[in-house]
1. For a quick check of understanding: with a 1.4 angstrom probe and all protein chains in place, what accessible area in square angstrom does I131 have, to the nearest ten?
2. May I ask you to rank F27, F126, F20 by accessible area, largest first, using a 1.4 Å probe over the protein chains only?
3. In whole Å, what three semi-axes, largest first, describe the equivalent ellipsoid of the range 1-59 built from its Cα gyration tensor (square root of 5 times each eigenvalue)?
4. Using each residue's phi in the range 30-39, evaluate 6.51 cos²θ - 1.76 cosθ + 1.60 at θ = phi - 60° and report the 3J(HN,Hα) Karplus result to the nearest Hz, with x for Gly and Pro.
5. For the range 69-84, what does the Karplus curve 6.51 cos²θ - 1.76 cosθ + 1.60, with θ = phi - 60°, yield as ³J(HN,Hα) per residue in whole Hz, taken in order and with x for Gly and Pro?
6. Probe 1.4 Å, all protein chains in place: accessible area of K101 in Å², nearest 10?
7. Quick check: Cα centre of the range 51-117 to Cα centre of the range 1-41, how many Å?
8. Just tell me which lysines come within less than 16 Å, Cα to Cα, of K14; anything on the same chain fewer than 8 places away is out.
Amino acid sequence: MLRLVEENLVRQNKAMMLMFFLLEEEFARLTKLNPQAVSRIELSIQELMRQVAAERMSLRNMVRQVEPSGKRVRDLFPSLEPGMVVTFRELLGLLDQTEQKCAVQASKNGEMARALFEQSKGLLDFMHNQIKPKNTSAYARSGRFAQAPSNARLLSGRL
């Protein structure tokens, strides 16, 4: 069972390294202003996150099988031989480092996406304000020119 735990940690490390590369690719596509390519990468990232979550649930179940009161891999350390503890600590340390890199890159991607959104929104608001008629009484609700009474009349109403 401990071999399966080790294999699971290795798979998670590889998945997180792939996640980092995908996040870097997403950032590159964001800077190139290619929204279709970004959405394709985003779908791959989401699927990879789903798979990592499934791996973590599987790992948690394996830990419970080895140590019924355990919830984390570190809970197994007291009952393991020293060589296996060192291996697990190295794998967990590598996993933590890769997750931190992914978090930093995801933060950069989020900031870039928000900046592009704000830029696009500002440009659309500006263009909308430029084409919007300055005289608000020029158009009726139906979108046609409003028929406003002319001010040149001497009398208005019924006689």
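The values are calculated or read from the model by the stated rules, or taken from the named source; none is laboratory data. Note that this is a predicted model, so its numbers are computed, not measured. To get the accessible areas, we keep the full protein, side chains included, count just its heavy atoms, and leave off ligands, DNA and RNA. Shrake-Rupley method; radii C 1.70, N 1.55, O 1.52, S 1.80 Å.
1. Accessible surface of I131 is approximately 140 Å².
2. Highest to lowest solvent-accessible surface, that is F126, F27, F20.
3. After scaling each eigenvalue by five and taking roots: 29, 11, 5 Å.
4. The phi angles translate into 5, 5, 8, 6, 10, x, 5, 5, 5, 5 Hz.
5. Computed from phi, the couplings for the range 69-84 are 8, x, 10, 10, 4, 4, 5, 7, 4, x, 9, 9, 6, x, x, 5 Hz.
6. 120
7. Answer, in whole Å: 15.
8. K101
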